[in-house]
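Please read the structure below before turning to the comments.
The values are calculated or read from the model by the stated rules, or taken from the named source; none is laboratory data. Just so it is clear, the model here is predicted, and its values are computed rather than measured. Note that we place each Cβ from the backbone using ideal geometry, even for glycine, and neighbour counts take in every protein chain shown.
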Amino acid sequence: MKSRICILAGLLAPVFAAPALAHHSFAMFDREKAVSMTGTVKEYEWTNPHVWIHLMAADAAGTPREWSFEMQSVQQDSYAGWRPDSVKPGDKVTIEFHPLKDGSRGGQLMSATLANGQHLGPPANPRLVFPRPPETQQ
């Protein structure tokens, strides 16, 4: 009987561990810095596990360069006001982001302001999205 339980536990362990291994850290972003940039949307990926927005913005020499910004999950960004049609290719947008520590063109998107003045973000705080029951709150 004990051997069956051990075998079953051994078979089920990877099932529960896989989601934890699939997620990554946000350690690659410099959360001490906030940068603002204006560009034109090249692509907007409304997908899980993270939403992405790709912008074309001119570098110091005026050459257009692609920048990629990681956001939160679809669910978290929905709570923050984002929708699948919030931006589309060709839209002009100003974003605030935490840059990548290695200096690559990209970062973690904090918020965005669209050409019409609409402000989106920051991503919803998970504690606000999924609050604890009132009896456990302090």
Just the residues that are in a loop (DSSP other than H, G, I, E, B) and of a type in the set (Phe, Trp, Tyr), please, taken from segment 71-102. 82
Just name the residue that is surrounded by the most Cβ atoms within 10 Å (Cβ to Cβ) out of those in segment 69-91 that are polar (S, T, N, Q) and more than 15 Å from residue 107 (Cβ to Cβ). 86
Tell me yes or no: at least one residue of segment 73-92 is at pLDDT 95 or above and over 15 Å from residue 45 (Cα atoms). yes
When you scan segment 103-125, do you find a residue that is out of contact with any Pro (no Cβ under 6 Å at 6 or more places or on another chain), modelled with pLDDT of 95 or more and assigned to a loop (DSSP other than H, G, I, E, B), even just one? yes
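For (1) in contact with a Pro (Cβ under 7 Å, 6 or more places away or on another chain); (2) at pLDDT 90 or above; (3) assigned to a strand (DSSP E or B), each residue gets a yes or a no:
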| position | (1), (2), (3) |
| --- | --- |
| 10 | no, no, no |
| 31 | no, no, no |
| 42 | yes, yes, yes |
| 55 | no, yes, yes |
| 69 | no, yes, yes |
Going through segment 54-68 in order, the residues found to be within 11 Å of residue 41 (Cα to Cα) and either of a type outside the set (Asp, Glu) or buried (at least 16 other Cβ atoms within 10 Å of the Cβ) (or both) are 54, 55, 56, 57, 67, 68
